[in-house]
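Worksheet for the structure shown next.
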Amino acid sequence: MKAWMAGHSPHGFDVFVALLAAHGIALLADIRTVARSGHHPHFHADTLARSLPDRVAYLHPAPPGRLAARGSGLAERCLAE
């Protein structure tokens, strides 16, 4: 299994989705503590969850504003997807 990492960028949503498709990404695990962007609202967790194409699953393991607890099972949940 390969894991890709996407950093913050000013890309529009369509470009971001095209990049995911170009690399065969089927699961987007959002590891940000607070899954929001002050400048790019298309990167908010709720927007990503409802706007990504069906072929890309979205996972944000921690509730907004909270760190994921150690032993939260993130790796296992990602592998199960």
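Tell me, what HN-Hα J-couplings in whole Hz come from the Karplus equation 6.51 cos²θ - 1.76 cosθ + 1.60 at θ = phi - 60° for each residue of segment 18-32, using x for Gly and Pro?
Along segment 18-32, the couplings run 5, 5, 4, 5, 4, 10, x, 6, 10, 9, 9, 9, 8, 9, 5 Hz.
For Lys2 and Ala18, compute 0.36 nm times the residue count separating them, minus their Cα-Cα distance, and round to one decimal in nm.
Computed gain between Lys2 and Ala18 is 3.9 nm.
Tell me which residues come under 5 Å, amide H to amide H, from Leu27 once H is placed; ignore anything under 5 positions away on its chain.
Amide H neighbours of Leu27, under 5 Å, 5+ apart: Ala57.
What are the ³J(HN,Hα) couplings of segment 34-47, residue after residue, when phi is run through the Karplus curve with 6.51, -1.76, 1.60 and θ = phi - 60°? Round to Hz, x for glycine and proline.
So the Karplus estimates, Gly and Pro as x, are 10, 7, 9, 10, x, 10, 10, x, 6, 9, 5, 4, 5, 5 Hz.
Quick query: amide H of His60 versus all other amide H atoms, modeled in the peptide plane; which residues come in under 5 Å with a sequence gap of 5 or more or a different chain?
Hits under the 5 Å cutoff: Asp30.
Since every read-out is calculated from the coordinates, none of them should be taken as a lab result. What you see is a predicted model, and the numbers here were worked out from it, not measured in a lab.
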